[in-house]
Amino acid sequence: MAPVPISSLKVGHLDDIQELSKNQPTTVPDRYIRDESERPTHVSATSPQSSSMQIPVIDLSKLVEGNEDQSQTELSKLASACEEWGFFQVVNHGIHLELLESIEKITMEFFNLPLEEKQKYPMPPGTIQGYGHAFVFSEDQKLDWCNMLALGVEPYYIRNPKLWPTEPVGFSETLETYSTNIRKVCQNLLGFIAMSLGLKQDMFNEMFGVAVQAVRMNYYPPCSRPDLVLGLSPHSDGSALTVLQQGKGSPVGLQILKDNTWVPVQPVPNALVINIGDTIEVLTNGKYKSVEHRAVTHKEKDRLSIVTFYAPSYEIELFPLPELVDENSPILYRRYNHGEYSRHYVTNKLQGKKTLDFAKIQNNVSS
Ligand code: OGA
Ligand code: NI
(Lines give C-alpha, C1' and ligand atoms only; values in the text may rest on other atoms or scores of the structure.)
(Ligands and ions follow the chains in the order given, each with its own letter.)
Protein backbone atom coordinates (compact mmCIF):
# COMPACT_ATOMS: atom_id res chain seq x y z
CA MET A 1 0.00 0.00 0.00
CA ALA A 2 1.31 3.46 -0.88
CA PRO A 3 2.18 5.58 2.13
CA VAL A 4 -0.59 7.96 3.08
CA PRO A 5 0.63 11.55 2.76
CA ILE A 6 0.21 13.25 6.10
CA SER A 7 -1.63 16.12 4.38
CA SER A 8 -4.42 13.78 3.33
CA LEU A 9 -5.34 13.02 6.91
CA LYS A 10 -8.77 14.30 7.81
CA VAL A 11 -7.27 15.55 11.03
CA GLY A 12 -5.03 18.02 9.23
CA HIS A 13 -1.31 18.40 9.56
CA LEU A 14 0.14 16.90 12.70
CA ASP A 15 3.47 18.23 13.86
CA ASP A 16 6.01 15.72 14.97
CA ILE A 17 6.22 16.35 18.67
CA GLN A 18 9.79 15.18 18.95
CA GLU A 19 10.95 17.66 16.28
CA LEU A 20 8.91 20.34 17.96
CA SER A 21 10.47 19.78 21.37
CA LYS A 22 14.01 19.82 19.92
CA ASN A 23 13.71 23.57 19.62
CA GLN A 24 12.67 23.73 23.27
CA PRO A 25 9.78 26.10 22.70
CA THR A 26 8.50 27.80 25.82
CA THR A 27 4.96 27.80 24.53
CA VAL A 28 3.02 24.68 23.71
CA PRO A 29 0.84 24.51 20.58
CA ASP A 30 -2.82 24.88 21.30
CA ARG A 31 -3.75 21.41 20.13
CA TYR A 32 -1.80 19.94 23.03
CA ILE A 33 -3.18 22.19 25.75
CA ARG A 34 -5.77 20.31 27.74
CA ASP A 35 -8.94 21.71 29.16
CA GLU A 36 -8.55 22.67 32.79
CA SER A 37 -10.26 19.53 34.09
CA GLU A 38 -7.94 17.20 32.18
CA ARG A 39 -4.64 18.80 33.14
CA PRO A 40 -2.33 16.80 35.36
CA THR A 41 -2.53 18.05 38.91
CA HIS A 42 0.89 17.78 40.41
CA VAL A 43 1.43 14.84 42.76
CA SER A 44 4.83 14.86 44.32
CA ALA A 45 6.54 11.50 43.94
CA THR A 46 8.01 11.80 47.42
CA SER A 47 4.92 12.98 49.26
CA PRO A 48 3.81 10.63 52.07
CA GLN A 49 0.48 10.10 50.36
CA SER A 50 1.94 8.81 47.13
CA SER A 51 4.63 6.65 48.73
CA SER A 52 2.04 4.86 50.81
CA MET A 53 0.03 4.29 47.63
CA GLN A 54 2.35 1.88 45.86
CA ILE A 55 1.08 -0.62 43.35
CA PRO A 56 1.79 -4.17 44.57
CA VAL A 57 4.96 -6.03 43.58
CA ILE A 58 4.59 -9.71 42.66
CA ASP A 59 7.52 -12.12 42.62
CA LEU A 60 6.80 -14.44 39.69
CA SER A 61 9.55 -16.88 40.70
CA LYS A 62 7.66 -17.62 43.94
CA LEU A 63 4.59 -18.56 41.90
CA VAL A 64 6.52 -20.65 39.41
CA GLU A 65 8.99 -22.46 41.65
CA GLY A 66 8.35 -21.43 45.24
CA ASN A 67 7.40 -23.94 47.94
CA GLU A 68 3.72 -24.46 48.75
CA ASP A 69 3.63 -21.68 51.36
CA GLN A 70 5.45 -19.15 49.22
CA SER A 71 3.30 -19.75 46.20
CA GLN A 72 0.06 -19.58 48.20
CA THR A 73 1.11 -16.29 49.78
CA GLU A 74 2.11 -14.86 46.41
CA LEU A 75 -1.13 -16.07 44.84
CA SER A 76 -3.22 -14.22 47.40
CA LYS A 77 -1.07 -11.13 46.84
CA LEU A 78 -1.81 -11.50 43.14
CA ALA A 79 -5.54 -11.85 43.80
CA SER A 80 -5.69 -8.66 45.84
CA ALA A 81 -3.45 -6.81 43.36
CA CYS A 82 -5.89 -7.68 40.56
CA GLU A 83 -8.99 -6.97 42.59
CA GLU A 84 -7.92 -3.78 44.34
CA TRP A 85 -5.50 -2.22 41.87
CA GLY A 86 -5.81 -3.81 38.43
CA PHE A 87 -2.08 -3.03 38.24
CA PHE A 88 1.04 -4.61 39.67
CA GLN A 89 4.76 -4.87 38.98
CA VAL A 90 6.41 -8.21 38.42
CA VAL A 91 9.95 -9.00 39.53
CA ASN A 92 11.88 -12.20 38.86
CA HIS A 93 9.88 -12.59 35.66
CA GLY A 94 12.61 -14.67 34.04
CA ILE A 95 13.42 -12.30 31.17
CA HIS A 96 17.13 -11.62 30.96
CA LEU A 97 18.26 -8.14 31.77
CA GLU A 98 20.27 -8.01 28.52
CA LEU A 99 17.10 -8.52 26.51
CA LEU A 100 15.28 -5.75 28.38
CA GLU A 101 18.26 -3.52 27.75
CA SER A 102 18.59 -4.38 24.09
CA ILE A 103 14.92 -3.74 23.23
CA GLU A 104 15.16 -0.43 25.04
CA LYS A 105 18.36 0.54 23.25
CA ILE A 106 17.13 -0.34 19.79
CA THR A 107 13.79 1.39 20.37
CA MET A 108 15.59 4.57 21.39
CA GLU A 109 17.78 4.27 18.30
CA PHE A 110 14.62 4.14 16.21
CA PHE A 111 13.12 7.24 17.80
CA ASN A 112 16.43 9.06 17.39
CA LEU A 113 16.47 8.48 13.62
CA PRO A 114 15.87 11.49 11.37
CA LEU A 115 12.19 12.24 10.89
CA GLU A 116 12.30 11.30 7.16
CA GLU A 117 13.49 7.83 8.08
CA LYS A 118 10.71 7.28 10.64
CA GLN A 119 8.14 8.63 8.22
CA LYS A 120 8.80 5.65 5.97
CA TYR A 121 6.45 3.80 8.32
CA PRO A 122 3.43 6.11 8.54
CA MET A 123 0.42 5.05 10.53
CA PRO A 124 -2.54 4.94 8.12
CA PRO A 125 -5.54 6.89 9.48
CA GLY A 126 -7.96 4.77 11.45
CA THR A 127 -5.32 2.16 12.22
CA ILE A 128 -2.85 1.77 15.03
CA GLN A 129 0.12 0.31 13.22
CA GLY A 130 3.16 2.34 12.22
CA TYR A 131 4.77 5.55 13.36
CA GLY A 132 2.67 8.55 14.27
CA HIS A 133 -0.28 9.69 16.32
CA ALA A 134 -2.81 6.98 17.13
CA PHE A 135 -6.44 7.52 18.07
CA VAL A 136 -6.84 10.90 16.34
CA PHE A 137 -10.21 11.32 14.68
CA SER A 138 -11.05 15.01 14.54
CA GLU A 139 -9.58 18.46 14.04
CA ASP A 140 -10.59 19.67 17.45
CA GLN A 141 -9.36 16.67 19.40
CA LYS A 142 -6.53 17.44 21.81
CA LEU A 143 -3.30 15.63 21.03
CA ASP A 144 -1.05 13.56 23.25
CA TRP A 145 2.54 14.68 23.82
CA CYS A 146 3.90 11.40 22.56
CA ASN A 147 5.35 9.69 19.52
CA MET A 148 4.40 6.11 18.90
CA LEU A 149 5.56 3.17 16.91
CA ALA A 150 2.91 0.46 17.03
CA LEU A 151 3.19 -2.96 15.43
CA GLY A 152 1.09 -6.11 15.28
CA VAL A 153 3.29 -9.06 16.22
CA GLU A 154 1.32 -12.31 16.59
CA PRO A 155 -0.20 -14.22 14.95
CA TYR A 156 1.82 -13.55 11.84
CA TYR A 157 -1.16 -12.54 9.69
CA ILE A 158 -1.78 -9.37 11.74
CA ARG A 159 1.67 -8.06 10.85
CA ASN A 160 2.16 -5.36 8.32
CA PRO A 161 5.76 -6.19 7.38
CA LYS A 162 6.16 -2.89 5.50
CA LEU A 163 5.82 -1.09 8.81
CA TRP A 164 8.58 -3.05 10.56
CA PRO A 165 11.59 -0.74 10.56
CA THR A 166 14.63 -1.97 8.62
CA GLU A 167 16.62 0.56 10.60
CA PRO A 168 18.13 0.37 13.14
CA VAL A 169 19.65 -2.90 11.99
CA GLY A 170 18.49 -5.78 14.17
CA PHE A 171 15.27 -4.06 15.21
CA SER A 172 12.95 -6.83 13.96
CA GLU A 173 15.05 -9.66 15.38
CA THR A 174 15.25 -7.99 18.78
CA LEU A 175 11.51 -7.31 18.81
CA GLU A 176 10.84 -10.90 17.77
CA THR A 177 12.93 -12.36 20.64
CA TYR A 178 11.51 -9.86 23.11
CA SER A 179 7.94 -10.66 22.08
CA THR A 180 8.46 -14.41 22.42
CA ASN A 181 9.72 -13.87 25.96
CA ILE A 182 6.92 -11.49 26.92
CA ARG A 183 4.37 -13.94 25.50
CA LYS A 184 5.57 -16.59 27.96
CA VAL A 185 5.27 -14.16 30.85
CA CYS A 186 1.70 -13.36 29.77
CA GLN A 187 0.75 -17.02 29.53
CA ASN A 188 2.31 -17.72 32.90
CA LEU A 189 0.53 -14.81 34.51
CA LEU A 190 -2.81 -15.71 32.95
CA GLY A 191 -2.42 -19.16 34.48
CA PHE A 192 -1.87 -17.71 37.94
CA ILE A 193 -4.62 -15.14 37.48
CA ALA A 194 -7.01 -17.98 36.66
CA MET A 195 -5.87 -19.87 39.78
CA SER A 196 -6.29 -16.76 41.90
CA LEU A 197 -9.96 -16.79 40.86
CA GLY A 198 -10.35 -20.45 41.74
CA LEU A 199 -10.46 -21.42 38.05
CA LYS A 200 -8.34 -24.09 36.46
CA GLN A 201 -4.90 -22.83 35.54
CA ASP A 202 -5.18 -23.17 31.77
CA MET A 203 -8.70 -21.73 31.56
CA PHE A 204 -7.78 -18.41 29.89
CA ASN A 205 -4.89 -19.74 27.82
CA GLU A 206 -7.11 -22.46 26.35
CA MET A 207 -9.99 -20.13 25.79
CA PHE A 208 -7.93 -17.46 24.00
CA GLY A 209 -6.90 -19.65 21.05
CA VAL A 210 -3.85 -18.26 19.25
CA ALA A 211 -3.53 -15.05 21.22
CA VAL A 212 -3.09 -11.69 19.51
CA GLN A 213 -0.03 -9.76 20.56
CA ALA A 214 0.85 -6.20 19.61
CA VAL A 215 3.51 -3.78 20.74
CA ARG A 216 3.41 -0.03 21.16
CA MET A 217 6.55 1.91 21.78
CA ASN A 218 5.80 5.29 23.32
CA TYR A 219 8.38 8.08 23.32
CA TYR A 220 7.53 11.11 25.42
CA PRO A 221 9.83 14.06 24.70
CA PRO A 222 10.37 16.62 27.45
CA CYS A 223 7.70 19.33 27.55
CA SER A 224 8.25 22.88 28.74
CA ARG A 225 4.73 22.91 30.25
CA PRO A 226 4.02 19.43 31.65
CA ASP A 227 1.24 21.02 33.71
CA LEU A 228 -0.79 21.75 30.56
CA VAL A 229 -0.42 18.59 28.48
CA LEU A 230 -0.85 14.84 28.74
CA GLY A 231 1.62 12.29 27.39
CA LEU A 232 -1.20 9.82 26.84
CA SER A 233 -4.93 10.40 27.35
CA PRO A 234 -6.76 8.46 30.07
CA HIS A 235 -7.89 5.04 28.87
CA SER A 236 -8.23 1.42 29.82
CA ASP A 237 -6.50 -1.16 27.64
CA GLY A 238 -8.52 -3.26 25.17
CA SER A 239 -6.27 -6.25 25.86
CA ALA A 240 -6.54 -9.12 28.33
CA LEU A 241 -3.19 -8.25 29.90
CA THR A 242 -0.73 -5.45 29.20
CA VAL A 243 2.98 -5.60 29.95
CA LEU A 244 4.82 -2.31 30.19
CA GLN A 245 8.55 -1.86 30.33
CA GLN A 246 9.77 1.59 31.29
CA GLY A 247 13.06 2.94 30.02
CA LYS A 248 15.87 2.94 32.56
CA GLY A 249 16.24 6.36 34.10
CA SER A 250 12.88 7.44 32.75
CA PRO A 251 11.06 9.77 35.12
CA VAL A 252 7.77 8.73 36.70
CA GLY A 253 5.10 9.18 34.03
CA LEU A 254 2.47 6.49 34.24
CA GLN A 255 -0.44 7.25 36.56
CA ILE A 256 -3.40 5.09 37.46
CA LEU A 257 -6.78 6.20 38.68
CA LYS A 258 -7.39 4.76 42.13
CA ASP A 259 -10.27 5.92 44.29
CA ASN A 260 -10.58 9.00 42.07
CA THR A 261 -6.95 9.97 42.56
CA TRP A 262 -4.18 9.75 39.99
CA VAL A 263 -1.51 7.61 41.60
CA PRO A 264 1.98 7.64 39.99
CA VAL A 265 3.62 4.28 39.33
CA GLN A 266 7.14 4.39 40.78
CA PRO A 267 9.44 2.37 38.55
CA VAL A 268 11.03 -0.66 40.26
CA PRO A 269 14.35 -1.50 38.55
CA ASN A 270 13.99 -4.26 35.94
CA ALA A 271 10.38 -4.96 36.87
CA LEU A 272 7.57 -5.16 34.34
CA VAL A 273 4.35 -3.27 34.99
CA ILE A 274 1.31 -5.45 34.36
CA ASN A 275 -2.28 -4.37 34.08
CA ILE A 276 -5.60 -6.04 33.65
CA GLY A 277 -7.29 -5.17 30.35
CA ASP A 278 -10.93 -5.04 29.28
CA THR A 279 -11.04 -8.75 28.34
CA ILE A 280 -10.31 -9.91 31.88
CA GLU A 281 -12.74 -7.38 33.31
CA VAL A 282 -15.51 -8.88 31.19
CA LEU A 283 -14.53 -12.52 31.78
CA THR A 284 -14.43 -11.96 35.55
CA ASN A 285 -17.69 -10.00 35.46
CA GLY A 286 -15.89 -6.96 36.86
CA LYS A 287 -14.18 -8.71 39.77
CA TYR A 288 -10.80 -7.82 38.26
CA LYS A 289 -11.05 -4.37 36.70
CA SER A 290 -9.31 -2.82 33.78
CA VAL A 291 -8.18 0.35 35.52
CA GLU A 292 -8.02 3.72 33.82
CA HIS A 293 -4.52 5.13 33.39
CA ARG A 294 -2.66 7.93 31.60
CA ALA A 295 0.86 9.26 31.12
CA VAL A 296 2.20 12.67 32.04
CA THR A 297 5.33 14.38 30.73
CA HIS A 298 8.41 15.90 32.33
CA LYS A 299 9.96 19.32 31.93
CA GLU A 300 13.52 18.17 31.27
CA LYS A 301 13.52 14.42 30.85
CA ASP A 302 12.25 12.26 28.05
CA ARG A 303 10.59 8.95 28.79
CA LEU A 304 10.27 5.67 26.94
CA SER A 305 7.81 2.86 27.44
CA ILE A 306 7.55 -0.40 25.54
CA VAL A 307 4.06 -1.78 25.88
CA THR A 308 2.82 -5.23 24.89
CA PHE A 309 -0.89 -5.95 24.53
CA TYR A 310 -1.88 -9.57 24.87
CA ALA A 311 -5.43 -10.48 23.86
CA PRO A 312 -7.57 -13.40 22.72
CA SER A 313 -7.77 -14.45 19.10
CA TYR A 314 -10.22 -12.19 17.20
CA GLU A 315 -12.79 -14.91 16.57
CA ILE A 316 -13.28 -15.62 20.28
CA GLU A 317 -16.63 -14.84 21.92
CA LEU A 318 -16.32 -13.14 25.29
CA PHE A 319 -18.81 -13.12 28.16
CA PRO A 320 -18.67 -13.16 31.96
CA LEU A 321 -17.71 -16.66 33.11
CA PRO A 322 -20.65 -18.40 34.80
CA GLU A 323 -18.33 -19.22 37.74
CA LEU A 324 -18.16 -15.50 38.50
CA VAL A 325 -21.83 -14.63 38.14
CA ASP A 326 -24.35 -15.19 40.94
CA GLU A 327 -27.06 -13.30 42.78
CA ASN A 328 -24.48 -11.17 44.59
CA SER A 329 -22.62 -10.51 41.35
CA PRO A 330 -25.30 -10.07 38.70
CA ILE A 331 -24.14 -10.19 35.12
CA LEU A 332 -22.71 -6.85 33.93
CA TYR A 333 -21.60 -7.53 30.35
CA ARG A 334 -23.17 -9.03 27.27
CA ARG A 335 -21.68 -11.64 25.02
CA TYR A 336 -19.66 -10.25 22.09
CA ASN A 337 -17.01 -11.08 19.59
CA HIS A 338 -13.51 -9.95 20.57
CA GLY A 339 -12.56 -8.94 17.00
CA GLU A 340 -15.56 -6.66 16.88
CA TYR A 341 -14.53 -5.10 20.18
CA SER A 342 -10.98 -4.58 18.92
CA ARG A 343 -12.32 -2.73 15.87
CA HIS A 344 -14.52 -0.62 18.12
CA TYR A 345 -11.51 0.15 20.34
CA VAL A 346 -9.18 1.29 17.55
CA THR A 347 -11.80 3.37 15.78
CA ASN A 348 -12.61 5.48 18.82
CA LYS A 349 -10.51 8.03 20.64
CA LEU A 350 -9.06 7.12 24.01
CA GLN A 351 -11.74 8.13 26.44
CA GLY A 352 -11.25 6.67 29.87
CA LYS A 353 -13.41 3.63 30.43
CA LYS A 354 -16.09 4.67 27.98
CA THR A 355 -14.96 2.21 25.31
CA LEU A 356 -16.15 -0.69 27.43
CA ASP A 357 -19.73 0.62 27.37
CA PHE A 358 -19.78 -1.42 24.16
CA ALA A 359 -20.15 -4.54 26.29
CA LYS A 360 -22.07 -3.22 29.28
CA ILE A 361 -25.57 -4.42 29.79
CA GLN A 362 -27.83 -1.38 29.36
CA ASN A 363 -29.01 -1.03 32.97
CA ASN A 364 -25.42 -0.71 34.08
CA VAL A 365 -24.20 1.82 31.55
CA SER A 366 -24.34 4.66 34.04
CA SER A 367 -22.86 2.73 36.95
C1 OGA B 1 -0.43 2.33 26.76
C2 OGA B 1 -0.11 2.97 28.05
C3 OGA B 1 1.46 4.17 29.41
C4 OGA B 1 2.88 4.62 29.40
O5 OGA B 1 0.43 2.39 25.85
O6 OGA B 1 -1.54 1.76 26.66
O7 OGA B 1 -0.94 2.99 28.91
O8 OGA B 1 3.37 4.89 30.47
N9 OGA B 1 1.10 3.53 28.21
O10 OGA B 1 3.46 4.70 28.32
NI1 NI C 1 -2.61 1.70 28.44
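Given the pairs LYS118/LYS299; LYS22/LYS118; LYS289/LYS353; LYS22/LYS301, which span a C-alpha to C-alpha distance of over 21 angstrom in this model? Please list the in-between numbers first.
On the way: LYS118/LYS299 24 Å; LYS22/LYS118 16 Å; LYS289/LYS353 10 Å; LYS22/LYS301 12 Å.
With Cα atoms farther than 21 Å apart: LYS118/LYS299.
VAL64 versus TYR157, label points 7 Å from Cα toward the beta carbon: distance in nm?
A separation of 3.1 nm, rounded to one decimal place.
Run lengths n ≥ 4 of DSSP H only: what is the helix-derived mean residue ellipticity at 222 nm for the chain, with -39500 (n - 2.57) per run over all residues, to the nearest 500?
Dividing the helical sum by the residues of the chain leaves -7500 deg cm²/dmol.
Charges at C-beta only: +1 for Lys and Arg, -1 for Asp and Glu. How large is the resulting dipole of the chain about its Cα centre, in Debye rounded to 20? All intermediate terms of the calculation are to be shown ahead of the outcome.
Values: 33 positive and 44 negative charges, 127 e Å.
For the chain, the charge dipole is close to 600 debye.
Please go through the residue pairs LYS105/LYS142; LYS184/LYS349; LYS62/LYS184 and name each one whose alpha carbons sit more than 20 Å apart in this structure. Numbers along the way, then the final one.
Values: LYS105/LYS142 30 Å; LYS184/LYS349 30 Å; LYS62/LYS184 16 Å.
The pairs that break the limit, which is 20 Å between Cα atoms, are LYS105/LYS142; LYS184/LYS349.
Could you calculate the FRET efficiency of ASN23 with ASP227 from 1/(1 + (r/R0)^6), where r is the beta carbon distance between them and R0 is 30 Å, rounded to 0.05?
Numbers: r = 20 Å, r/R0 = 0.66.
With R0 = 30 Å, the Cβ-Cβ based efficiency is 0.90.
Output the 0 to 90 degree angle, nearest 10, between the alpha-carbon long axis of helix 171-196 and the longest principal axis computed from the alpha carbons of the chain.
Between the helix axis and the principal axis of the chain, the angle is about 30 degrees.
May I ask you to give the solvent-accessible area per residue for the chain, in square angstrom, as obtained with a 1.4 angstrom probe? Spell out each step's value before the answer.
Details: 16390 Å² over 367 residues.
It amounts to 45 Å² per residue over the chain.
Between ARG335 and GLU206, what FRET efficiency follows from the Cβ-Cβ distance if R0 is 25 Å, with the result rounded to 0.05? Display every interim value, and only then the final one.
Details: r = 18 Å, r/R0 = 0.73.
Efficiency, rounded to the nearest 0.05: 0.85.
Where does the charge balance sit around LEU151 when Lys and Arg score +1, Asp and Glu -1, over other residues with C-beta under 9 Å from its C-beta?
Details: positive: ARG159, ARG216; negative: none.
Summing Lys and Arg as +1 and Asp and Glu as -1 gives +2.
Any idea what diffusion coefficient the chain gets from Stokes-Einstein, in µm²/s, Kirkwood Rh on alpha carbon pairs, 20 °C, 1.002 mPa s? Walk me through the intermediate numbers first.
Working: Rh = 21.1 Å.
For the chosen part, D equals 102 µm²/s.
At 7 Å along the Cα-to-beta-carbon direction for both LYS354 and GLN141, put a label point, then send me their distance in nm to one decimal.
If labels sit at LYS354 and GLN141, their model points lie 1.1 nm apart.
Which residues in segment 102-132 have a backbone N closer than 17 Å to a point placed 7 Å from the Cα of VAL169 along the Cα-to-Cβ line?
Inside the label zone: 106-107, 109-110, 113.
Quick one: net charge of GLU116's neighbours, Cβ under 14 Å, K/R +1, D/E -1? All intermediate terms of the calculation are to be shown ahead of the outcome.
On the way: positive: LYS118, LYS120; negative: ASP16, GLU19, GLU117, GLU167.
Charge balance in the 14 Å sphere: -2.
Counting pairs of alpha carbon atoms under 8 Å apart in space and at least six apart in sequence, what relative contact order in percent does the chain give? Don't jump to the answer; show the numbers that get you there.
Numbers: 700 pairs, mean separation 73.1, N = 367.
The normalised contact order for the chain reaches 20 percent.
Give me the aspartates and glutamates in straight-line cross-link reach of LYS287: C-alpha distance below 17 Å, same-chain residues under 8 apart excluded.
GLU83, GLU84, ASP237, ASP259, ASP278, GLU323, ASP326, GLU327, ASP357
Would you list, by chain and number, the aspartates and glutamates whose Cα falls below 20 Å from the Cα of LYS162, excluding same-chain residues fewer than 8 positions away?
GLU109, GLU116, GLU117, GLU154, GLU173, GLU176
What is the distance, in nm, between label points placed 7 Å from the Cα along the Cα-to-Cβ direction at GLN119 and at VAL346?
2.4
On C-alpha positions alone, give me the angle between the axis of helix 68-80 and the longest principal axis of the chain, in degrees, nearest 10.
For helix 68-80, the angle is close to 60 degrees.
Round to the nearest 10 and give me the degree value, 0 to 90, for the angle of helix 97-111's Cα axis relative to the longest principal axis of the chain.
Value to nearest ten degrees: 30.
The values are calculated or read from the model by the stated rules, or taken from the named source; none is laboratory data. Worth saying up front: this structure is predicted, and the values here are computed from it rather than measured. Backbone-built Cβ (ideal geometry, glycine too); neighbour counts: all protein chains shown. SASA here: full protein model, heavy atoms, side chains in, ligands and nucleic acids out. Shrake-Rupley method; radii C 1.70, N 1.55, O 1.52, S 1.80 Å.
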